[in-house]
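Values in this text are rule-based calculations from the coordinates and carry no lab data. Keep in mind that this is a model prediction, so the values were computed, not measured. Positions of Cβ are backbone-derived with ideal geometry, glycine not excepted, and every protein chain shown enters the neighbour counts.
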Amino acid sequence: MSAVDRIVEFFNPVKLYFLTSGPFGENTYVVIIPKQENVAERIRVLSEEINEDISIVVLTQEEFSDFENTLER
């Protein structure tokens, strides 16, 4: 199962982006979720289950909206 499939399974995201470069670094998955629930635990389990080193940022919809507004300025 791919990293994307595992991320979708673990987080059931509202949106999922893969950024090759940007404010979060290179080759980063940005996961947008409705609310923060056990995010640290989910990331820990996810990293144990996939056999590749990935960069992942998890934001709530509200946090992502604030971030988008900051980028637009």
Net charge of neighbours whose Cβ lies under 10 Å from the Cβ of ILE33, counting Lys and Arg as +1 and Asp and Glu as -1: +1
Label-zone membership for segment 17-51, site MET1, 7 angstrom Cα→C-beta point, backbone N under 13 Å: 45-51
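When you have a sec, figure out the Kirkwood radius of the chain from all distinct Cα pair distances and drop it here in Å to one decimal?
Roughly 12.7 Å, rounded to one decimal.
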Sorted peptide list for 3-12, 19-28, criterion being average Cβ within 10 angstrom, highest first: 3-12, 19-28
Tilt relative to the chain, helix 39-49 - C-alpha long axis, 0 to 90 degrees, to 10: 40 degrees
Estimated 222 nm signal from helices in the chain, with DSSP H stretches of n ≥ 4 weighted -39500 (n - 2.57), rounded to 500: -13000 deg cm²/dmol
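How high is the FRET efficiency between VAL14 and ASN51 when r is their beta carbon distance and R₀ equals 30 Å, given to the nearest 0.05?
The value I calculate is 0.65.
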